[in-house]
Amino acid sequence: MSPSDAAPLRTITRSRFWWYASKWLVLAFSKVWFRLRHEGAANLPREGAVLVVANHASYLDPPMIGITASRWVGFLAQAGLASFAPMRYWLGQVGVTLIERRAPSKQALRLVADCLKAGEVVCVFPEGTRRDGRIAPFKSGVEFLVRRTGATVLPVGIDGAFRALPRGAWLPRPRKIVVRYGEPWPAEQVLADGGVERLRRRVAELSRCELVAAQPIAPEAMSDPSRTASAGGGA
């Protein structure tokens, strides 16, 4: 779909002008400041529902995917990041949906699922929040979304964003960033036994990041995916 087409995952209609203008301006800046390059972007299917799954270590992660992807990509972001009215307006124009930090995870997952059912591309960061450059265990939102929508999953690794803008930093540093797109995974591959953990390891390979050891999941959390799910877009 084009940036101007209707889709459920947003609160303000996407503007073709703002979407293209923002993409190319940020891309031009990133090519110079971050020496940005991307690999395998052609792996993103040209049509149909795609759930992009990526590591999350920096506020730069969503825009780095947005400007290198060949299709419009939807994100969720915490409403607190857009308390400044012009920022809130711009995010809405480029298709970012703002959600309250305390909003139930089920609500966020429902938004993402609706968008996937409409044949869109959505990116989630299943670690749940920005990390320290390592990749934490994925929460159960990925499996829940794939099971509910049957969407193709595309692993993506972002290498260097943490060095360019680590947690707590105010200004981006001139560090090299590489965005690597892996091969698409059919839903069955993700839903197979151990599929989500294999997906996490693939994201680690693409991002050249270290894995954090997985912790056992409590039985009560496994029975309710909303308790361990994440559909964050820029936390």
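The values are calculated or read from the model by the stated rules, or taken from the named source; none is laboratory data. Computed from a predicted model, the values in this text were never measured in an experiment. Glycine gets a Cβ as well: all are built from the backbone with ideal geometry, and neighbour counts include every protein chain shown. Remember, those area values only see protein heavy atoms, side chains included, never the ligands or the DNA or RNA. Shrake-Rupley method; radii C 1.70, N 1.55, O 1.52, S 1.80 Å.
Ordered from largest to smallest accessible area (heavy atoms of protein chains, 1.4 Å probe), the residues Asp193, Asp159, Asp132 come out as Asp193, Asp132, Asp159.
All other residues whose Cβ lies under 14 angstrom from that of Leu199 are scored, Lys and Arg at +1 and Asp and Glu at -1, for a net of -1. The modelled label-to-label distance for the pair Lys176/Lys117, using points 7 Å beyond Cα in the direction of Cβ, is 4.5 nm.
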